[in-house]
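Colleague: Submitted below is the structure of interest, expressed as structure tokens.
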Amino acid sequence: MAKKGQKFKNYPAEFKIEVVEAYLSGKYGGVDPITKKYDLKTNRRVCEWLKIYKKQGPDGFLYETRGRISKGKGRSKKLENMTLEEQVEFLKMEVDILKKVRALQKN
């Protein structure tokens, strides 16, 4: 578990790609020798980087993936940018909401 004030080492994308490609080449024999050669604390990093590389390719290292993924605020689409089907669905939903508001106001 991380200790308060502990600094974590960040590795550049180029380094991660180099480590993974060295592993995939089979030149060094496996995860443990790669870990020692590149002076990594655990061989788990190599396994995690390998998983990212296999799933997303070298571009997978260009973006920070730690932390929670922001759900963000839903993007509001403009009616002009929607297809006709989307416009119809949106307007139906809007009418339903207005009907419910009117019903609540009457009570």
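The values are calculated or read from the model by the stated rules, or taken from the named source; none is laboratory data. Given the structure is predicted, the values throughout are model-derived calculations rather than measurements. In this analysis, Cβ positions are derived from the backbone assuming ideal geometry, glycine residues included, and neighbour counts consider all displayed protein chains.
Colleague: Would you confirm whether or not segment 69-80 contains a residue that is more than 24 Å from the chain's Cα centre (by Cα) and either modelled with pLDDT of 90 or more or not in a helix (DSSP H, G or I) (or both)?
Modeller: yes
Colleague: Hey, can you tell me all the residues within segment 20-31 that are of a type outside the set (D, E, K, R) and more than 18 Å from residue 63 (Cβ to Cβ)?
Modeller: 22, 23, 24, 25, 26, 28, 29, 30, 31
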